[in-house]
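Following: one structure in C-alpha coordinates, then a few remarks.
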Amino acid sequence: MKSRAVLLLVLTTVLLSATQVGLSKIELEYPESWPKPLYDFEKSPLSKEGVALGRALFYDPILSADSSISCSNCHLVYTAFTHVDHQLSHGIGDSIGTRNSPALMNLAWSKHFMWDGAVNHLDVQALAPITHPAEMGETLPNVIAKLQRSSSYPQLFQTVFGDSIITGQHLLKALAQFQLTLVSSHSKYDKFKAGEAEFTEQEQLGYALFKSKCGSCHKEPLFTNGDFANSGLPMDTTLNDLGRMNITQLASDSLLFKVPTLRNIEFSYPYMHDGRFKTIREVLNHYDSGIVHSNTLAIELEDGLPLSSTEKVDLTAFLLTLTDKEFLFNPDFAFPKN
(Lines give C-alpha, C1' and ligand atoms only; values in the text may rest on other atoms or scores of the structure.)
Protein backbone atom coordinates (compact mmCIF):
# COMPACT_ATOMS: atom_id res chain seq x y z
CA MET A 1 0.00 0.00 0.00
CA LYS A 2 1.41 3.34 -1.08
CA SER A 3 0.99 5.05 2.27
CA ARG A 4 2.54 2.33 4.31
CA ALA A 5 6.11 1.48 4.63
CA VAL A 6 7.77 -1.65 5.70
CA LEU A 7 10.06 -0.62 8.50
CA LEU A 8 13.00 -2.85 9.02
CA LEU A 9 13.09 -3.72 12.67
CA VAL A 10 15.91 -6.16 12.35
CA LEU A 11 18.78 -4.37 10.68
CA THR A 12 21.81 -6.04 12.03
CA THR A 13 23.12 -9.49 12.62
CA VAL A 14 25.67 -8.39 15.19
CA LEU A 15 23.52 -9.46 18.12
CA LEU A 16 22.29 -12.66 16.58
CA SER A 17 23.43 -15.69 18.46
CA ALA A 18 24.86 -18.68 16.66
CA THR A 19 21.67 -20.60 17.34
CA GLN A 20 19.70 -18.18 15.16
CA VAL A 21 21.88 -18.43 12.10
CA GLY A 22 19.91 -19.72 9.13
CA LEU A 23 16.49 -18.72 10.40
CA SER A 24 14.12 -16.81 8.12
CA LYS A 25 13.90 -13.35 9.60
CA ILE A 26 10.55 -11.53 9.61
CA GLU A 27 10.11 -7.81 9.23
CA LEU A 28 7.19 -6.40 11.18
CA GLU A 29 4.93 -4.18 9.09
CA TYR A 30 3.15 -1.15 10.47
CA PRO A 31 2.27 2.34 9.22
CA GLU A 32 5.21 4.67 8.98
CA SER A 33 3.29 7.25 11.00
CA TRP A 34 3.25 4.97 14.03
CA PRO A 35 5.79 5.35 16.83
CA LYS A 36 8.75 3.00 17.06
CA PRO A 37 7.89 -0.22 18.91
CA LEU A 38 9.04 -0.50 22.50
CA TYR A 39 10.01 -4.14 22.06
CA ASP A 40 13.71 -4.53 21.27
CA PHE A 41 13.78 -6.50 18.03
CA GLU A 42 17.54 -6.16 17.76
CA LYS A 43 17.97 -8.31 20.85
CA SER A 44 15.15 -10.69 19.95
CA PRO A 45 14.53 -10.63 16.19
CA LEU A 46 11.49 -12.36 14.77
CA SER A 47 11.89 -15.42 12.60
CA LYS A 48 9.42 -17.41 10.56
CA GLU A 49 10.35 -20.53 12.49
CA GLY A 50 10.07 -18.83 15.89
CA VAL A 51 6.65 -17.39 15.09
CA ALA A 52 5.42 -20.78 13.87
CA LEU A 53 6.60 -22.42 17.08
CA GLY A 54 4.95 -19.73 19.18
CA ARG A 55 1.73 -20.13 17.23
CA ALA A 56 1.73 -23.90 17.79
CA LEU A 57 2.26 -23.39 21.51
CA PHE A 58 -0.42 -20.67 21.71
CA TYR A 59 -3.04 -23.10 20.43
CA ASP A 60 -1.80 -26.17 22.31
CA PRO A 61 -3.62 -27.15 25.55
CA ILE A 62 -0.49 -28.98 26.63
CA LEU A 63 0.43 -25.78 28.48
CA SER A 64 -2.36 -26.34 31.05
CA ALA A 65 -2.31 -28.73 33.99
CA ASP A 66 -4.96 -31.06 32.58
CA SER A 67 -4.19 -30.32 28.92
CA SER A 68 -7.66 -28.88 28.43
CA ILE A 69 -6.98 -25.14 28.12
CA SER A 70 -4.82 -23.34 25.60
CA CYS A 71 -4.03 -19.63 25.37
CA SER A 72 -6.64 -19.40 22.62
CA ASN A 73 -9.43 -20.45 24.97
CA CYS A 74 -9.42 -16.94 26.40
CA HIS A 75 -7.87 -15.21 23.39
CA LEU A 76 -9.89 -16.11 20.29
CA VAL A 77 -8.63 -14.77 16.99
CA TYR A 78 -12.05 -13.83 15.60
CA THR A 79 -12.84 -11.70 18.67
CA ALA A 80 -9.65 -9.65 18.73
CA PHE A 81 -7.92 -12.30 20.83
CA THR A 82 -10.22 -12.06 23.80
CA HIS A 83 -13.34 -14.00 24.82
CA VAL A 84 -16.88 -12.75 24.34
CA ASP A 85 -19.25 -15.23 25.90
CA HIS A 86 -18.66 -14.43 29.58
CA GLN A 87 -17.48 -11.58 31.79
CA LEU A 88 -14.57 -13.25 33.53
CA SER A 89 -11.98 -15.65 32.18
CA HIS A 90 -12.56 -19.36 32.62
CA GLY A 91 -9.76 -21.77 33.42
CA ILE A 92 -9.13 -25.44 34.09
CA GLY A 93 -11.69 -27.43 36.03
CA ASP A 94 -14.44 -24.85 35.37
CA SER A 95 -12.59 -22.33 37.50
CA ILE A 96 -13.45 -18.67 37.01
CA GLY A 97 -10.94 -15.87 37.28
CA THR A 98 -11.43 -12.33 38.51
CA ARG A 99 -10.92 -10.41 35.28
CA ASN A 100 -11.96 -10.15 31.67
CA SER A 101 -9.22 -11.35 29.34
CA PRO A 102 -7.51 -8.41 27.60
CA ALA A 103 -7.55 -8.24 23.81
CA LEU A 104 -4.18 -9.02 22.25
CA MET A 105 -2.83 -6.79 19.49
CA ASN A 106 0.00 -4.36 18.86
CA LEU A 107 1.88 -5.76 21.84
CA ALA A 108 5.24 -4.55 20.51
CA TRP A 109 4.16 -1.10 21.69
CA SER A 110 3.18 -2.18 25.22
CA LYS A 111 5.33 -1.43 28.24
CA HIS A 112 2.98 -3.10 30.73
CA PHE A 113 0.98 -6.31 30.49
CA MET A 114 -2.09 -7.57 32.32
CA TRP A 115 -4.83 -5.25 33.59
CA ASP A 116 -2.72 -4.29 36.62
CA GLY A 117 0.67 -4.21 34.88
CA ALA A 118 1.94 -7.16 36.88
CA VAL A 119 4.29 -8.06 34.03
CA ASN A 120 6.61 -5.56 32.37
CA HIS A 121 7.99 -7.59 29.45
CA LEU A 122 6.25 -9.69 26.83
CA ASP A 123 9.05 -12.27 26.91
CA VAL A 124 7.87 -13.43 30.35
CA GLN A 125 4.17 -12.52 30.24
CA ALA A 126 2.88 -15.99 29.42
CA LEU A 127 4.24 -17.36 32.68
CA ALA A 128 1.41 -15.60 34.55
CA PRO A 129 -1.57 -17.37 32.93
CA ILE A 130 0.28 -20.69 32.67
CA THR A 131 0.87 -20.83 36.43
CA HIS A 132 -2.28 -19.08 37.67
CA PRO A 133 -4.46 -21.64 39.52
CA ALA A 134 -7.67 -20.22 38.01
CA GLU A 135 -6.29 -20.16 34.48
CA MET A 136 -3.99 -22.91 33.21
CA GLY A 137 -2.92 -24.09 36.67
CA GLU A 138 0.35 -25.64 35.53
CA THR A 139 3.96 -25.35 36.67
CA LEU A 140 6.74 -24.41 34.32
CA PRO A 141 8.75 -27.59 35.04
CA ASN A 142 5.72 -29.73 34.19
CA VAL A 143 5.14 -27.87 30.94
CA ILE A 144 8.77 -28.29 29.97
CA ALA A 145 8.64 -32.00 30.79
CA LYS A 146 5.52 -32.54 28.66
CA LEU A 147 6.97 -30.62 25.73
CA GLN A 148 10.24 -32.52 26.02
CA ARG A 149 8.37 -35.84 25.80
CA SER A 150 6.42 -34.84 22.72
CA SER A 151 7.34 -36.17 19.32
CA SER A 152 7.58 -32.76 17.65
CA TYR A 153 8.54 -29.97 20.04
CA PRO A 154 12.20 -30.89 20.73
CA GLN A 155 12.99 -30.64 17.01
CA LEU A 156 11.07 -27.37 16.68
CA PHE A 157 12.98 -25.84 19.59
CA GLN A 158 16.21 -27.19 18.09
CA THR A 159 15.44 -25.37 14.84
CA VAL A 160 14.58 -22.06 16.52
CA PHE A 161 16.98 -21.97 19.45
CA GLY A 162 19.69 -24.40 18.39
CA ASP A 163 18.98 -26.69 21.33
CA SER A 164 16.50 -29.54 21.61
CA ILE A 165 16.63 -29.25 25.40
CA ILE A 166 13.59 -27.08 26.05
CA THR A 167 13.85 -24.32 28.63
CA GLY A 168 11.32 -22.01 30.19
CA GLN A 169 13.04 -19.02 28.66
CA HIS A 170 12.78 -20.44 25.16
CA LEU A 171 9.15 -21.46 25.69
CA LEU A 172 8.14 -17.95 26.75
CA LYS A 173 10.18 -16.26 24.03
CA ALA A 174 8.54 -18.44 21.38
CA LEU A 175 5.07 -17.47 22.63
CA ALA A 176 6.14 -13.83 22.52
CA GLN A 177 7.33 -14.18 18.92
CA PHE A 178 3.86 -15.17 17.73
CA GLN A 179 2.08 -12.52 19.77
CA LEU A 180 4.36 -9.78 18.44
CA THR A 181 3.04 -10.45 14.94
CA LEU A 182 -0.53 -9.60 16.01
CA VAL A 183 -0.52 -6.13 14.49
CA SER A 184 -3.85 -4.49 13.76
CA SER A 185 -3.41 -1.53 11.40
CA HIS A 186 -5.86 -2.03 8.52
CA SER A 187 -9.10 -0.62 9.87
CA LYS A 188 -11.19 1.99 8.08
CA TYR A 189 -9.66 4.53 10.48
CA ASP A 190 -6.19 3.54 9.27
CA LYS A 191 -7.26 3.84 5.64
CA PHE A 192 -8.80 7.23 6.40
CA LYS A 193 -5.56 8.43 7.98
CA ALA A 194 -3.67 7.16 4.96
CA GLY A 195 -5.97 8.99 2.56
CA GLU A 196 -7.39 5.77 1.20
CA ALA A 197 -10.92 6.02 2.59
CA GLU A 198 -13.44 8.67 3.54
CA PHE A 199 -15.45 8.90 6.74
CA THR A 200 -19.19 9.40 6.58
CA GLU A 201 -20.54 12.60 8.09
CA GLN A 202 -21.56 10.68 11.21
CA GLU A 203 -18.12 9.08 11.52
CA GLN A 204 -16.51 12.51 11.16
CA LEU A 205 -18.69 13.88 13.93
CA GLY A 206 -17.84 10.90 16.10
CA TYR A 207 -14.14 11.33 15.41
CA ALA A 208 -14.28 14.96 16.51
CA LEU A 209 -16.05 13.92 19.70
CA PHE A 210 -13.54 11.17 20.30
CA LYS A 211 -10.59 13.54 20.02
CA SER A 212 -12.14 16.02 22.43
CA LYS A 213 -13.43 13.57 25.04
CA CYS A 214 -11.54 10.27 24.78
CA GLY A 215 -8.27 10.86 22.96
CA SER A 216 -6.07 11.72 25.93
CA CYS A 217 -6.33 8.22 27.42
CA HIS A 218 -7.12 6.28 24.24
CA LYS A 219 -4.34 7.97 22.33
CA GLU A 220 -4.04 7.54 18.59
CA PRO A 221 -2.86 5.58 16.69
CA LEU A 222 -2.78 2.68 19.17
CA PHE A 223 -5.89 3.97 20.98
CA THR A 224 -4.28 3.57 24.39
CA ASN A 225 -1.68 5.64 26.18
CA GLY A 226 -0.33 2.44 27.72
CA ASP A 227 -0.86 3.84 31.20
CA PHE A 228 -3.22 3.09 34.08
CA ALA A 229 -6.37 4.97 35.06
CA ASN A 230 -9.33 4.87 37.40
CA SER A 231 -12.30 5.11 35.06
CA GLY A 232 -14.81 5.71 37.84
CA LEU A 233 -16.34 2.28 37.95
CA PRO A 234 -18.09 1.37 41.20
CA MET A 235 -16.27 -1.39 43.07
CA ASP A 236 -17.58 -4.88 42.39
CA THR A 237 -17.88 -6.05 45.99
CA THR A 238 -17.79 -9.70 44.94
CA LEU A 239 -14.33 -9.22 43.43
CA ASN A 240 -12.87 -6.35 45.49
CA ASP A 241 -10.26 -5.81 42.81
CA LEU A 242 -7.98 -2.85 43.59
CA GLY A 243 -6.17 -3.12 40.26
CA ARG A 244 -2.70 -1.61 40.05
CA MET A 245 -2.56 -1.19 43.84
CA ASN A 246 -2.39 -4.99 44.15
CA ILE A 247 1.02 -4.77 42.50
CA THR A 248 2.50 -1.54 43.85
CA GLN A 249 0.78 -1.47 47.27
CA LEU A 250 0.41 2.29 46.74
CA ALA A 251 -2.89 3.86 47.75
CA SER A 252 -2.50 6.24 44.82
CA ASP A 253 -2.84 3.24 42.50
CA SER A 254 -6.14 2.07 43.99
CA LEU A 255 -8.67 1.12 41.31
CA LEU A 256 -6.28 1.91 38.48
CA PHE A 257 -6.35 -0.49 35.54
CA LYS A 258 -4.48 -0.47 32.26
CA VAL A 259 -6.13 1.68 29.61
CA PRO A 260 -7.19 -0.84 26.94
CA THR A 261 -6.87 -0.26 23.23
CA LEU A 262 -10.12 0.51 21.46
CA ARG A 263 -9.03 -1.10 18.22
CA ASN A 264 -11.52 -3.80 17.19
CA ILE A 265 -13.82 -2.76 20.02
CA GLU A 266 -16.77 -3.95 17.94
CA PHE A 267 -15.58 -7.54 18.43
CA SER A 268 -13.97 -7.42 21.87
CA TYR A 269 -16.98 -7.20 24.20
CA PRO A 270 -17.66 -7.48 27.09
CA TYR A 271 -15.84 -4.34 28.20
CA MET A 272 -13.82 -3.08 31.19
CA HIS A 273 -11.45 -5.13 33.35
CA ASP A 274 -14.29 -7.22 34.77
CA GLY A 275 -16.39 -7.45 31.63
CA ARG A 276 -19.36 -5.75 33.28
CA PHE A 277 -20.58 -3.98 30.14
CA LYS A 278 -21.89 -5.93 27.15
CA THR A 279 -22.30 -3.07 24.70
CA ILE A 280 -20.49 0.08 23.65
CA ARG A 281 -23.63 2.00 24.60
CA GLU A 282 -23.37 0.78 28.19
CA VAL A 283 -19.77 1.99 28.32
CA LEU A 284 -20.74 5.41 26.99
CA ASN A 285 -23.62 5.61 29.47
CA HIS A 286 -21.13 4.99 32.26
CA TYR A 287 -18.89 7.86 31.19
CA ASP A 288 -21.95 10.06 30.65
CA SER A 289 -23.65 9.57 34.00
CA GLY A 290 -22.22 6.63 35.95
CA ILE A 291 -18.80 7.80 37.08
CA VAL A 292 -18.05 7.26 40.78
CA HIS A 293 -15.74 9.90 42.20
CA SER A 294 -12.81 8.91 44.40
CA ASN A 295 -9.33 10.14 45.24
CA THR A 296 -7.77 8.27 42.34
CA LEU A 297 -10.31 9.06 39.63
CA ALA A 298 -8.67 10.05 36.35
CA ILE A 299 -8.44 13.82 36.17
CA GLU A 300 -9.99 13.72 32.72
CA LEU A 301 -13.17 12.31 34.26
CA GLU A 302 -13.61 14.70 37.19
CA ASP A 303 -16.34 16.61 35.38
CA GLY A 304 -17.72 13.52 33.69
CA LEU A 305 -18.11 13.09 29.95
CA PRO A 306 -21.63 14.27 29.25
CA LEU A 307 -22.91 12.95 25.93
CA SER A 308 -26.24 13.43 24.28
CA SER A 309 -28.01 10.48 22.73
CA THR A 310 -27.03 11.71 19.27
CA GLU A 311 -23.42 12.12 20.32
CA LYS A 312 -23.34 8.55 21.60
CA VAL A 313 -24.53 7.34 18.21
CA ASP A 314 -21.92 9.45 16.41
CA LEU A 315 -19.17 8.30 18.74
CA THR A 316 -20.16 4.68 18.25
CA ALA A 317 -20.07 5.15 14.49
CA PHE A 318 -16.47 6.31 14.77
CA LEU A 319 -15.49 3.49 17.12
CA LEU A 320 -16.75 0.99 14.57
CA THR A 321 -14.21 2.36 12.08
CA LEU A 322 -11.55 0.76 14.30
CA THR A 323 -12.65 -2.70 13.19
CA ASP A 324 -9.86 -4.41 11.29
CA LYS A 325 -11.17 -7.50 9.51
CA GLU A 326 -7.81 -8.15 7.85
CA PHE A 327 -6.52 -8.67 11.38
CA LEU A 328 -9.51 -10.57 12.76
CA PHE A 329 -9.67 -13.03 9.89
CA ASN A 330 -5.98 -13.31 9.09
CA PRO A 331 -5.33 -17.03 8.48
CA ASP A 332 -1.77 -16.59 9.74
CA PHE A 333 -3.16 -15.92 13.21
CA ALA A 334 -5.68 -18.77 13.31
CA PHE A 335 -5.30 -22.31 14.61
CA PRO A 336 -2.41 -23.95 12.72
CA LYS A 337 -3.88 -26.77 10.67
CA ASN A 338 -0.57 -28.35 9.73
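Annotations
- Label point 7 Å beyond Cα of I96 along Cβ direction - residues of segment 229-271 with amide nitrogen under 17 Å: 236-241, 270-271
- Hull volume per residue, based on the alpha-carbon atoms of segment 105-227 and their convex hull, is 150 Å³.
- Spin-label model, E302/A208: points 7 Å from Cα along the beta carbon direction are separated by 2.8 nm.
- At R0 = 22 Å, FRET efficiency that the Cβ-Cβ distance of E196 and F329 yields, to 0.05: 0.70
- The chain - share of DSSP beta bridges that are antiparallel (%, nearest 5): 80 percent
- Span-rule helices in the chain, defined as complete DSSP H runs reaching 20 Å or more along the axis (Cα) with Kyte mean at least 1.6: none
- Spatial separation of Cα centroids for segment 207-274 and segment 144-164, in angstrom: 39 Å
- Debye intensity ratio I(q)/I(0), log10, the chain, q values 0.08, 0.09, 0.15 Å⁻¹ (C-alpha model): -0.40, -0.50, -1.34
- Dipole of segment 156-211, positive direction: furthest Cα of A176, F161, A208, with charges on the beta-carbon: F161
- The calculated FRET efficiency for S150 paired with N240, based on their beta-carbon distance and R0 = 41 Å, is about 0.50.
- For Y39, the accessible surface of its heavy atoms amounts to roughly 30 Å² (probe 1.4 Å, protein chains only, rounded to the nearest 10).
- Taking amide hydrogens as placed 1.01 Å from N in the peptide plane, the amide H of I26 sits under 5 Å from those of L46, S47, K48, each at least 5 positions away in sequence or on another chain.
- Dipole magnitude (debye, nearest 20) for the chain, charges at Cβ of Lys, Arg, Asp, Glu: 660 debye
- Residues in the chain average 47 Å² of solvent-accessible surface per residue, probe 1.4 Å, ligands and nucleic acids excluded.
- Length-normalised contact order of segment 194-291 in % [C-alpha pairs under 8 Å, at least 6 apart]: 23 percent
- Taken over segment 60-168, the alpha-carbon convex hull comes to 116 cubic angstrom per residue.
- Solvent-accessible area, 1.4 Å probe, carbon plus sulfur percent, for the chain: 55 percent
- Note on L38 and T248: their simple-model spin labels are 1.4 nm apart, each label 7 Å out from Cα toward Cβ.
- Applying the Kirkwood pairwise sum to the alpha-carbon positions of segment 236-307 produces a hydrodynamic radius of 13.5 angstrom.
- Backbone HN-Hα couplings from phi across segment 218-235 [Karplus 6.51/-1.76/1.60, Hz, Gly and Pro as x]: 9, 6, 5, x, 8, 6, 7, 8, x, 9, 10, 8, 8, 8, x, 6, x, 4
- Total lysine pairs whose alpha carbons fall under 23 Å of each other in segment 106-244 (8 or more apart, or interchain): 13
The values are calculated or read from the model by the stated rules, or taken from the named source; none is laboratory data. Keep in mind that this is a model prediction, so the values were computed, not measured. Neighbour counts run over all protein chains shown; Cβ positions are idealised from the backbone, glycine included. The accessibility values were calculated without ligands, DNA or RNA, using every heavy atom of the protein model including side chains. Shrake-Rupley method; radii C 1.70, N 1.55, O 1.52, S 1.80 Å.
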